Amino acid sequence: MSRAVFFDRDGVINTLVYRQEKDFFDSPFSLEEFQLLPGAAEGIRLVNELGMLAIVVSNQPGIAKGNCSLEMMEQMNEKMRTELAALDASLDAIYYCYHHPEGNIEMYRTVCQCRKPKPGLLLMAAHDFAIDLKLSYMIGDRLKDMQAGRKAGCKTIFLNNHPDPKEHLSSGFDYIDGSLLEAVRQIYQLEGKWISLSIPPTPLR
Ligand SMILES: [Mg+2]
Ligand SMILES: [Zn+2]
């Protein structure tokens, strides 16, 4: 069986986008808005080097809500993969939930089994790649990510870096870090592997 590190996308791999009109931190809906976070590529490369699968599991209800097209989602994937590849990092798979129970687009307006906090995306990946979930990790920046990871049986690492303090957690996860790269360093420690990182740790908010 294989092992995986599951990554939430927005706020973990790429920056969140502040929407002033809604006073809300949102997913990117254009290529300009899609920006990798510092250290994300290095962290994913280290997961590649560890021999674990690097898999994105992300709610993208912007599709159901009509905020983003599938074509744009594909273009953002392409940008993400290209920029990661430039730093020798690669994702083994990307799983999105496009649904929302109150979406405007009928085909995606549904109560699905894949929207986190449900573990559906992780279970699908586990099925496709024969992943031992108990020996795998979920890294995310919101409670939903931790709940999905837990339900799937993974170890959970919370990134306490959300720009909205309401999203900060004090429980519900196994480990806490400030960035994807630090979370991967945590995984190396748990795996008994040694790495030195050139960047200093991000202070926790
Ligand atoms: Mg997120
Ligand atoms: Zn779904």
- Count - residues of the stretch 52-104 that are out of contact with any Cys (no Cβ under 9 Å at 6 or more places or on another chain) and assigned to a helix (DSSP H, G or I): 15
- Identity of the residue in the stretch 98-150, out of contact with any Lys or Arg (no Cβ under 9 Å at 6 or more places or on another chain) and of a type in the set (Asp, Glu), that ends up farthest from ligand 1 (Cβ to nearest atom): GLU106
- Message: Could you list, ordered by first residue, the pairs with Cβ atoms under 7 Å in which the first is in the stretch 135-153 and under 17 Å from ARG9 (Cα atoms) and of a type in the set (Val, Ile, Thr) and the second is open to solvent by less than 10 Å² (accessible area, probe 1.4 Å) and away from ligand 2 (no atom under 16 Å from the Cβ), at least 6 apart or interchain?
- Response: ILE139/VAL5; ILE139/PHE7; ILE139/VAL12; ILE139/ILE157; ILE139/LEU159; ILE139/LEU180; ILE139/ALA183
- Message: Return the residues of the stretch 5-36 that are near ligand 1 (Cβ under 10 Å from one of its atoms) and open to solvent by 50 Å² or more (accessible area, probe 1.4 Å); say none if nothing qualifies.
- Response: PHE25
- Among the numbered criteria (1) touching an Asp or Glu at 6+ places or on another chain (Cβ under 9 Å); (2) at pLDDT 95 or above; (3) buried (at least 16 other Cβ atoms within 10 Å of the Cβ), which single criterion is violated by ASN161? (2)
- Could you list all residues from the stretch 37-51 that are assigned to a loop (DSSP other than H, G, I, E, B) and away from ligand 1 (no atom under 15 Å from the Cβ)? PRO38, GLY39, GLY51
- Taking the stretch 116-144 only, how many residues are open to solvent by less than 50 Å² (accessible area, probe 1.4 Å) and near ligand 2 (Cβ under 10 Å from one of its atoms)? 3
- Counted residues in the stretch 80-115 being hydrophobic (A, V, I, L, M, F, W, C), within 16 Å of ligand 2 (Cβ to nearest atom) and surrounded by 21 or more Cβ atoms within 10 Å (Cβ to Cβ) come to 1
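The values are calculated or read from the model by the stated rules, or taken from the named source; none is laboratory data. Computed from a predicted structure; not experimentally measured. Glycine gets a Cβ as well: all are built from the backbone with ideal geometry, and neighbour counts include every protein chain shown. With ligands, DNA and RNA removed, areas are computed over all heavy atoms of the protein, side chains included. Shrake-Rupley method; radii C 1.70, N 1.55, O 1.52, S 1.80 Å.
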